[in-house]
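Heads up: the structure comes next, in structure tokens.
The values are calculated or read from the model by the stated rules, or taken from the named source; none is laboratory data. These numbers come from a predicted model, not from an experiment. As a convention, Cβ positions derive from the backbone with ideal geometry for all residues, glycine included, and neighbour counts pool all protein chains shown.
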Amino acid sequence: MTEEENKDIEWENVQAPGWNPELAGDFIIGVLIGREPREGKVSAKFFIKNNKNEEILVWGSTKLEALMTSVKDGEIIKINYLGKVISKASGNEMHDYTVQRPKKKEQT
């Protein structure tokens, strides 16, 4: 395509299909469909399929990665963003999360 052919095209930025919580109370619900482990300083990645059948990338953090070790691929989960807190261990600011799964119904 030439510059002349491009002049009438309006461009927009491509957005990665990722979840970027900003406020305490933000959450995502879906099925964990895959993960990639942390590599050096690059955080782990978790792939969630939401109820719209969209695959969403969720970047890990120290806390989230620790919580996700008990989640199996195929499980329905809810990741809740609690905001930034000060780590008791290091004194550094960190992102805080909870991860939930549906309660198993008791059989009677």
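Summary of values
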| read-out | value |
| --- | --- |
| Out of GLU4, GLU75, sole residue that is more than 14 Å from the chain's Cα centre (by Cα) and either at pLDDT below 95 or among the polar types (S, T, N, Q) (or both) | GLU4 |
| Matching residues in the stretch 48-61 - criterion: being surrounded by 15 or more Cβ atoms within 10 Å (Cβ to Cβ) and more than 15 Å from PRO21 (Cα to Cα) | LYS49 |
| Given (1) at pLDDT 90 or above; (2) out of contact with any Lys or Arg (no Cβ under 7 Å at 6 or more places or on another chain); (3) not β-branched (Val, Ile, Thr), number of the condition TRP59 does not satisfy | (2) |
| Qualifying positions in the stretch 23-51 - more than 9 Å from the chain's Cα centre (by Cα) and without any contact (Cβ under 8 Å) to a residue 24 or more places away in the chain | GLU36, PRO37, GLU39, GLY40, LYS41, VAL42, SER43, LYS49, ASN50, ASN51 |
| Scan of the stretch 69-88 for residues that are free of Cβ contacts under 8 Å to residues at least 12 places away in the same chain and of a type in the set (Val, Ile, Thr), ordered by number | THR69, VAL85, ILE86 |
